[in-house]
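Only one structure is covered here, and it is reproduced in the block below.
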Amino acid sequence: MTTPSAGPFTGPFTGRTLDDLGRDLRAGRMTAAELTALALDAIATGGAELNAFVTVDAAGAAEAARRADEELAAGIDRGPLHGIPAGVKDLIMIAGMRVTMGSRHFASHVADADAACVARLRRAGAVVVGTTTTHEFAYGPTGDRSAGGAARNPWDPSRMTGGSSAGSGAAVAAGLVPLALGTDTGGSVRIPAALCGVAGFKPAYGAIPADGVFPLSRTLDHVGVLAATASCCLLAYDALADSPVPVDSVDSVGEVRVGWLEPDSLFPTDPRVAGTARAAAGPVAGEVRMAPEVLELFRETYLAVQSGETAAVHADRLAAAPGLFDPEVLDRLRQAAELPAWRYLRAMEARQALEEHAEALFGPYDVLATPTVPILAPPIGARESEAGGERIQVRAALLGMTSPWNVLGRPALTVPAGLVDGLPVGLQLIARPGDEARLFAAARQVESGQDRGAGLRA
């Protein structure tokens with residue numbers, strides 16, 4: 001592994017997009033079997049050091065790759081994911097495979113059927129190579145509480161990846177696989193993507209079916225994708241979603257009006273992070289702030305909904321075998337179980353009022369932009385940090401910019417914005433449901449660096 005100051009861990013898929021790999025496959029320069037072998041070798045070496053994967057299905061992946069090559073040779077092309085190795089978060093069911101939810105409660109659990117998103121991944125020709133590390137039961141944004149240990153950030157293995165889709169972020173950032181699935185309840189795709197320096201997309205609520213995904217909070221959970229670029233995320237999303245966003249619809253998008261959502265109106269922010277994200281966004285159409293009373297309503301609603309739904313999922317395990325939980329996760333579950341029912345019911349009612357507040361915030365803008373995470377990746381195990389001259393709780397900071405958009409089920413995307421002290425910073429872009437084409441058009445312009453002096457069109 002390279003030293004943190006020299007840049008991230010470099011694996012076989014570092015710097016390779018899905019388009020690059022697809023061209024190589026179709027030109028005969030590589031085979032799916034060769035790509036899969038590269039992934040398996042990298043997982044066995046760098047993946048072990050980063051603790052990115054939990055269970056690896058080398059035999060199953062090799063067989064799936066062989067079939068993908070046979071199909072291409074026979075003229076059967078399933079699309080941009082055909083023959084592409086992919087990781088799947090360790091709480092998304094994969095038939096016949098050990099899926100543990102990152103917990104000793106499920107240490108020997110073997111899934112009996114594919115989750116709907118995995119079935120679609122296979123239908124698109126992707127090669128599932130294994131399961132990626134998750135924070136236990138996805139109940140934490142740090143990614144360092146799992147039965148198998150903490151996932152490690154490829155840019156500095158002493159630092160957290162963010163979570164809960166921790167291994168998916170590390171695996172894509174390290175170039176172990178070009179694509180991974182995650183879940184996002186309050187930021188769990190976008191946080192590790194941002195802290196590890198890759199792209200991560202949380203679609204609108206229900207856009208990718210969550211059937212066969214172990215729940216954390218059923219009305220906040222989203223299935224999402226992590227890849228090198230937003231364009232790669234779009235290719236994966238189109239293979240998995242009920243209503244794809246064709247690439248040509250992104251190509252035809254005209255002006256995208258972007259509003260800069262002032263980060264300090266959401267959470268105290270490291271000024272270096274804010275400056276880096278703001279520079280990546282470029283000139284925008286205007287600036288907006290979230291009112292303190294609206295922010296407080298978002299936070300209360302998120303906490304009440306997640307706590308009530310999570311406590312219901314784990315009530316029996318909490319009563320029968322509390323000692324099998326990680327102590328920190330157990331403490332949070334016990335706090336969640338104390339939530340009065342009336343608070344959950346009021347929070348569910350508050351979501352409509354928050355929709356109205358969000359519409360007022362968006363106003364004339366198609367997309368809002370803000371840092372994805374207000375701080376740099378903290379050291380593994382850290383629970384306090386500093387931002388904007390304030391002492392802050394790490395968990396609250398990691399969720400501070402991302403969780404409101406789960407409450408509303410709005411599509412949100414993080415793209416790499418640059419580095420501060422050798423660690424990645426993410427830029428988050430948020431849109432209304434149905435405006436995904438504009439969302440990806442905005443991301444494309446950020447990533448391409450075209451006309452960087454003009455940035456996104458104002």
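The values are calculated or read from the model by the stated rules, or taken from the named source; none is laboratory data. All figures in this text were calculated on a predicted structure; none of them were measured in a lab. Backbone-built Cβ (ideal geometry, glycine too); neighbour counts: all protein chains shown. Ligands, DNA and RNA are stripped out before the accessible areas are found, and what is left, the full protein with its side chains, is counted by its heavy atoms. Shrake-Rupley method; radii C 1.70, N 1.55, O 1.52, S 1.80 Å.
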Completion exercise
Expected output for segment 168-184 (first residue at positive phi, partner hydroxyl-bearing (Ser, Thr, Tyr), Cβ below 8 Å, 6+ apart or cross-chain) is GLY175/THR10; GLY175/THR14
Handout entry: Sole exception among (1) of a type in the set (Gly, Ala, Ser); (2) at pLDDT below 95; (3) out of contact with any Ser or Thr (no Cβ under 7 Å at 6 or more places or on another chain) for ALA431, by number
Key = (2)
Exercise for the section: Would you confirm whether any residue within segment 79-93 is open to solvent by 70 Å² or more (accessible area, probe 1.4 Å), under 27 Å from PRO192 (Cβ atoms) and over 22 Å from the mean Cα position of the chain (by Cα)? Expected result: no
Handout entry: segment 310-353, residues that are closer than 22 Å to THR402 by Cα, open to solvent by less than 20 Å² (accessible area, probe 1.4 Å) and in contact (Cβ under 8 Å) with a residue 60 or more places away in the chain
Key = THR310, VAL329, LEU333
Completion exercise
Of the residues in segment 435-445, those that are open to solvent by less than 10 Å² (accessible area, probe 1.4 Å) and in contact with a helix residue (DSSP H, G or I) (Cβ under 6 Å, 6 or more places away or on another chain) number 2
Exercise for the section: Might you check whether a residue that is at pLDDT below 95 and surrounded by fewer than 23 Cβ atoms within 10 Å (Cβ to Cβ) occurs anywhere in segment 21-43? Expected result: no
Fill in the blank from the handout: Of the candidates ALA173, ALA166, the one satisfying the condition of being open to solvent by 10 Å² or more (accessible area, probe 1.4 Å), over 13 Å from CYS233 (Cβ atoms) and not acidic (Asp, Glu) is ALA173
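Considering only residues that are touching a helix residue (DSSP H, G or I) at 6+ places or on another chain (Cβ under 6 Å) and assigned to a helix (DSSP H, G or I), look in segment 94-127 and name the one that is least open to solvent (accessible area, probe 1.4 Å). Let's see the steps before the verdict.
Here is the first cut: in segment 94-127, the ones touching a helix residue (DSSP H, G or I) at 6+ places or on another chain (Cβ under 6 Å) are 94, 100-105, 117, 120, 124-125, 127.
Imposing the further condition that a residue be assigned to a helix (DSSP H, G or I) reduces the set to 104-105, 117, 120.
Numbers: ARG104: 128, HIS105: 42, CYS117: 0, ARG120: 52 Å².
Out of the qualifying residues, it is CYS117.
Examine segment 37-51 for a residue that is part of a helix (DSSP H, G or I), among the β-branched types (Val, Ile, Thr) and touching a residue at least 24 places away in the same chain (Cβ under 8 Å), and state whether such a residue exists.
If we filter segment 37-51 for residues that are part of a helix (DSSP H, G or I), which is where we start, we get 37-50.
Okay, now just the ones that are also among the β-branched types (Val, Ile, Thr), so 43, 45.
If we keep only those that are touching a residue at least 24 places away in the same chain (Cβ under 8 Å) too, we end up with 43.
The answer is yes, given that some residue of segment 37-51 is part of a helix (DSSP H, G or I), among the β-branched types (Val, Ile, Thr) and touching a residue at least 24 places away in the same chain (Cβ under 8 Å).
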Fill in the blank from the handout: Within segment 365-397, residues within 16 Å of ALA151 (Cα to Cα) and open to solvent by less than 10 Å² (accessible area, probe 1.4 Å) come out as ALA377, PRO378
